[in-house]
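To keep things clear, I will list the structure first and then write my remarks on it.
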Amino acid sequence: MNYLTFRLLVLPILFIASTNIFSQSSLYIPRDVNIAYENGTRLLNGNPGPNYWQNRADYKIKVQIDPPTRKLSGEETIIYYNQSPDTLDRIVFRLYQDFFKKGAARNFQINPEDLHDGDSSKIKYIANKL
């Protein structure tokens, strides 16, 4: 048996034998994902588990626009549904009403015609219905 025949016959057998010895028996699962499996919020196939929950909100928005004065006014009702097993001790609102205010920090240029002195709207009422 010459050297080339030896390489063509023996090396593939060694390769197959070594892959069986060093192969994984299961896929790697990241620690955070494994915690979700342990908590029952996810199943191994990625679907929601028996302890899965998701909060949601319903929005009702009424808006009036006055084109000559470029004024926008309105009201909004948000109903937030806490489906989690935890009690919420706060809700955070991110209001971007002063995005076009003169001197406001922005990371890109806007049309100077769109700048104004800011918005005077405020949250007037928050109800907690249990």
- Item | Filter result for residue 76 (free of Cβ contacts under 8 Å to residues at least 12 places away in the same chain, over 15 Å from residue 55 (Cβ atoms) and not in a loop (DSSP other than H, G, I, E, B)) | no
- Message: Return the pair list, or none, for Cβ contacts closer than 6 Å from residues in region 50-69 that are basic (Lys, Arg) to residues that are part of a strand (DSSP E or B), at least 6 apart or on different chains.
- Response: 56/81; 60/77; 62/74; 62/75
- Starting from region 35-47, take each residue that is at positive phi and list its partners that are β-branched (Val, Ile, Thr) and surrounded by 10 or more Cβ atoms within 10 Å (Cβ to Cβ), counting only C-beta distances under 8 angstrom and pairs at least six apart or across chains. none
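Restricting to region 89-105, what's the tally of residues that are surrounded by 10 or more Cβ atoms within 10 Å (Cβ to Cβ) and either closer than 30 Å to residue 39 by Cα or modelled with pLDDT of 80 or more (or both)?
Of region 89-105, the ones surrounded by 10 or more Cβ atoms within 10 Å (Cβ to Cβ) are 91, 95, 97-102, 104.
From the residues that got through so far, the ones that are either closer than 30 Å to residue 39 by Cα or modelled with pLDDT of 80 or more (or both) too are 91, 100-102, 104.
Result for region 89-105: 5.
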- Would you be able to tell me the number of residues in region 106-130 that are at pLDDT 85 or above and within 24 Å of the chain's Cα centre (by Cα)? 0
- Out of 68, 85, sole residue that is under 30 Å from residue 113 (Cα atoms) and part of a loop (DSSP other than H, G, I, E, B): 68
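The values are calculated or read from the model by the stated rules, or taken from the named source; none is laboratory data. Note that the coordinates shown come from a computational prediction; the quantities given were computed from them, not determined experimentally. Here the Cβ is made from the backbone with ideal geometry for all residues, glycine too, and neighbour counts use every protein chain on show.
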